[in-house]
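J.: Structure in structure tokens, see below.
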Amino acid sequence: MGTVMSERKEDTLILAIESSCDETAASVVKNGREVLSNVISSQIALHTLYGGVVPEIASRKHIEKINQVIEEALKEANVTLDDIDAIGVTYGPGLVGALLVGVAEAKAIAFAAKKPLVGVHHIEGHISANYIENKELEPPYICLVVSGGHTHLVVVNDYGDYEVIGRTRDDAAGEAFDKVARAIDLGYPGGPKVDKLAKEGNPDAIKFPRANVEGAPFDFSFSGLKSAVLNHINMCQMKNIEINRADIAASFQKSVVDALLSRALLACEEYGVKKLAIAGGVASNSAIRSAFKEACEKKKIEFYHPSPIYCTDNAAMIGVAAYYEYLNGTRHGWDLNAVPNLKLGERI
Ligand code: KG4
Ligand code: ZN
């Protein structure tokens with residue numbers, strides 16, 4: 001019995017919960033790097049009806065699904081709550097009603113099972129997704145976080161130590177993908193659909209702007225690009241020119257890739273870092289991945305990215321982030337609340 005106990009004690013198991021937007025997710029992660037289960041109940045089909053996430057519906061669905069998703073995550077990992085060392089949960093940023101479901105659930109479980117509670121920043125989760133399949137990756141490195149709600153260029157100095165050096169001034173990269181997809185009738189969520197259609201188009205067919213932000217070389221701006229796409233469509237309609245949706249998708253995507261890549265490479269250069277990671281839903285974009293891979297090879301920079309399943313919202317990434325927060329001594333009390341506009345690096 002002694003050996004079994006001591007073997008198990010060496011491992012740290014986190015039960016993680018994620019409900020910040022439209023995925024209800026739970027996961028069990030071992031020692032911050034090994035995913036024992038990763039259960040995701042997606043609401044995408046439901047929200048597609050409305051062309052975007054409806055917050056009230058998202059919260060209600062989280063409540064319906066969360067217990068089942070957690071039970072499945074424990075079962076799949078072949079563990080019980082007794083084996084778990086801490087409960088990790090996303091407490092911001094995100095939709096307040098959606099976040100509250102996960103936070104309340106995590107508090108209830110942690111209280112009942114007498115386990116420590118570790119609140120996690122959603123973006124810290126996205127960044128940490130890189131540790132799952134890149135066992136050798138360790139800070140410091142640069143990470144570009146591109147999701148539906150965020151576009152951040154981050155220097156990861158250490159586990160839990162982040163410096164945001166660039167961010168979007170208007171739309172997030174994913175938001176731009178979703179809006180352009182809507183404009184060319186591809187539906188929601190637009191990112192994967194633009195990605196697919198772009199493969200059939202010419203990326204040099206239309207010259208869209210690569211917006212720079214004066215005096216802020218690491219910041220992004222995508223609303224001008226989105227307007228340029230809409231103007232192009234209007235112009236075609238007015239002149240009775242047939243709209244080539246594949247060319248629009250490919251040219252728009254190229255403009256986004258150029259904006260992201262140029263700033264990420266500049267950050268590596270200015271900060272003297274030879275490791276670059278990408279994270280967030282948009283990081284699964286095939287053009288972004290191949291352009292980053294090629295450029296990093298040329299510049300002798302190590303390039304890291306998670307598999308698509310760990311790019312979009314999931315709880316495994318929250319489990320990884322919670323593990324490092326847990327090691328750093330982060331513990332939250334029963335007053336942990338959802339913080340919809342939580343800043344990266346801010347502790348509440
Ligand atoms: O990280 P995520 O699941 O949710 C947020 O935290 O926002 O990101 C969702 C976003 C959506 O805007 C979706 O269109 C975009 O990621 N996305 C993509 C691709 N797959 C998902 N964008 C471009 N190309 C893709 N292949
Ligand atoms: Zn996300």
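The values are calculated or read from the model by the stated rules, or taken from the named source; none is laboratory data. Predicted model only: the values in this text are computed from it and were never measured. Because the Cβ atoms are built from the backbone with ideal geometry, glycine has one as well, and the counts that use them run over all protein chains shown.
J.: Within region 213-266, which residues are touching a Ser or Thr at 6+ places or on another chain (Cβ under 6 Å) and assigned to a helix (DSSP H, G or I)? Before you say what the answer is, go through the steps one by one.
T.: Our first condition is that a residue be touching a Ser or Thr at 6+ places or on another chain (Cβ under 6 Å); within region 213-266, this holds for 213, 220, 225.
Selection gives L225 alone.
J.: Would you mind telling me which numbered condition in (1) more than 16 Å from L225 (Cβ to Cβ); (2) of a type outside the set (G, A, S); (3) within 15 Å of ligand 1 (Cβ to nearest atom) D161 fails?
T.: The number of the failed condition is (3).
J.: Scan (1) modelled with pLDDT of 95 or more; (2) more than 21 Å from the chain's Cα centre (by Cα) for the single condition A264 breaks and write down its number.
T.: If we test A264 against (1) modelled with pLDDT of 95 or more; (2) more than 21 Å from the chain's Cα centre (by Cα), just (2) comes out false.
J.: Taking the options V146, V89, name whichever one is within 16 Å of ligand 2 (Cβ to nearest atom), at pLDDT 95 or above and not assigned by TED's automatic domain parsing to the domain that holds D219.
T.: Working: V146 fails: not assigned by TED's automatic domain parsing to the domain that holds D219.
Just one listed residue meets the conditions, V89.
J.: Could you identify the single residue in I87, I109 that is more than 16 Å from ligand 1 (Cβ to nearest atom), buried (at least 21 other Cβ atoms within 10 Å of the Cβ), more than 27 Å from V257 (Cβ to Cβ) and of a type in the set (A, V, I, L, M, F, W, C)?
T.: Numbers: I109 fails: buried (at least 21 other Cβ atoms within 10 Å of the Cβ).
Every option except I87 fails the conditions.
J.: Let me ask another. Going through region 97-148 one residue at a time, which ones are part of a helix (DSSP H, G or I) and hydroxyl-bearing (S, T, Y)? Even if it seems obvious, please write down each step before you answer.
T.: Within region 97-148, the subset part of a helix (DSSP H, G or I) is 97-113, 122-128, 130-133.
Result: S128, Y131.
J.: Give all pairs with beta carbons closer than 9 Å in which a residue from region 56-71 that is closer than 21 Å to P340 by Cβ meets a residue that is surrounded by fewer than 16 Cβ atoms within 10 Å (Cβ to Cβ); count only pairs at least 6 apart in sequence or on separate chains.
T.: I57/L46; I57/Y50; A58/L46; K61/L46
J.: Mind listing just one residue for me: the one in region 186-229 that is closer than 22 Å to S290 by Cα and basic (K, R) and, of those, farthest from ligand 2 (Cβ to nearest atom)?
T.: In this case the residue turns out to be K207.
J.: Conditions: (1) of a type outside the set (S, T, N, Q); (2) exposed (fewer than 15 other Cβ atoms within 10 Å of the Cβ); (3) modelled with pLDDT of 85 or more. H62 meets all but one. Number of the miss?
T.: (2) is the only condition that H62 fails.
J.: Here is a further query. When you go through A104, A172, A183 one by one, which is the residue that is within 16 Å of ligand 1 (Cβ to nearest atom), more than 20 Å from A287 (Cα to Cα) and surrounded by fewer than 24 Cβ atoms within 10 Å (Cβ to Cβ)? Show your work before the answer.
T.: Numbers: A104 fails: within 16 Å of ligand 1 (Cβ to nearest atom); A172 fails: more than 20 Å from A287 (Cα to Cα).
None of the others qualify; the one that does is A183.
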